1. With only Lys, Arg, Asp and Glu charged, each at its Cβ (+1 for the first two, -1 for the last two), find how big the charge dipole of the chain is about the Cα centre; round to the nearest 20 debye.
2. Which distance in nm do the two modelled labels at Thr193 and Glu9 give, with both placed 7 Å along the Cα-to-Cβ direction?
3. Would you please name the trypsin sites (Lys or Arg not before Pro) within segment 91-199 that are DSSP coil residues with at most 12 other C-beta atoms within 10 Å of their C-beta?
4. Using alpha-carbon pairs under 8 Å, 6+ residues apart, how would you state the relative contact order of the chain in percent?
5. What does the net charge come to around Asp195 if you take all other residues with beta carbon closer than 14 Å to its beta carbon, with K and R at +1 and D and E at -1?
6. In the P(r) worked out for the chain, what percent of Cα pairs fall beyond 25 Å?
7. Gain in length, Glu131 to Lys71, computed as 0.36 nm per residue apart minus the alpha-carbon separation, to one decimal in nm?
8. Give the residue from Leu133, Ile144, Gly33 lying farthest towards the positive end of the charge dipole for the chain; charges sit on Cβ (+1 for Lys and Arg, -1 for Asp and Glu) and the dipole is referred to the Cα centre.
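Any read-out appearing in this document is the output of simple, stated calculations on the displayed coordinates, not a laboratory observation. Please read all numbers here as calculations on a predicted model, not as lab measurements. Backbone-built Cβ (ideal geometry, glycine too); neighbour counts: all protein chains shown.
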Amino acid sequence: MHIALLEDEITLAHEVEALLTEAGHTVAHFVDGHQMMRGLLKDTFDMFVLDWHVPGPNGMEVLQHLRETLKLTTPIIFLTSNNAEEQIVQALDAGADDYCAKPVRTFEFMARLSALQRRTAPPAPMSLGGELLPGYVFDHVERIVRVDGEPVVLTEKEYELSRLMFENPDRPIARNRIMKDIWGREEDALSRTLDVHISWIRRKLNIGANADNVRLVVVHGFGYRLMKMSQPEGGTT
């Protein structure tokens, strides 16, 4: 997973980051609420670990921004020395999924994180492929997509890009995250390449901005989102 860590105690942040990295995760560390807010504009995260008491918008305010403003359902763990029952309940009621008190107990923290990951993770992609959305069948062996039964041949990058978007329907994906997952790096020089590939798969898979069933749309200033048209568009175009 790609995890966002909001923690202003540097020693603790390094400790938590080391635990997560050793477990195979990548971590983006933010030392205050403003820094995390800026990070949310250019990256997509699979989990948030938030400290309550940080400079700028505190952990609770960041939590409310994630749930109420951005409407994200991404799992959130609170990591803080504040273990007052009233505030724990407040965080959980506001949308946090779990809570760990400091000082961090390594095995407990990692067990809670793993349990939360199991509860919230989407179904594992089928190794050989399958129907990811109605009418769209992915063949991971032949590297083709069948649209309403008709095979569509894609290049390697087109296929991986299509697969990424179809495995994350209705989820905004940041440009940086797409470039890192598909091309292995985040570079401004890749920005035009990404847009061209988006244009190609829109045309080949019939998922353009005016498609009837599935649309690959721009999330302005952020990235792209694959939308199932049975659900509201939520301000994207």
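1. About 780 debye.
2. Result: 4.2 nm between the two label points.
3. Loop-located and lightly packed - Arg105, Arg185.
4. This gives 13 percent for the chain.
5. +2
6. Roughly 47 percent, once rounded to a whole number.
7. Numbers: separation 60, 0.36 × 60 = 21.60 nm, distance 2.68 nm.
Going from the current span to full extension adds 18.9 nm.
8. Positive-end residue among those listed: Ile144.
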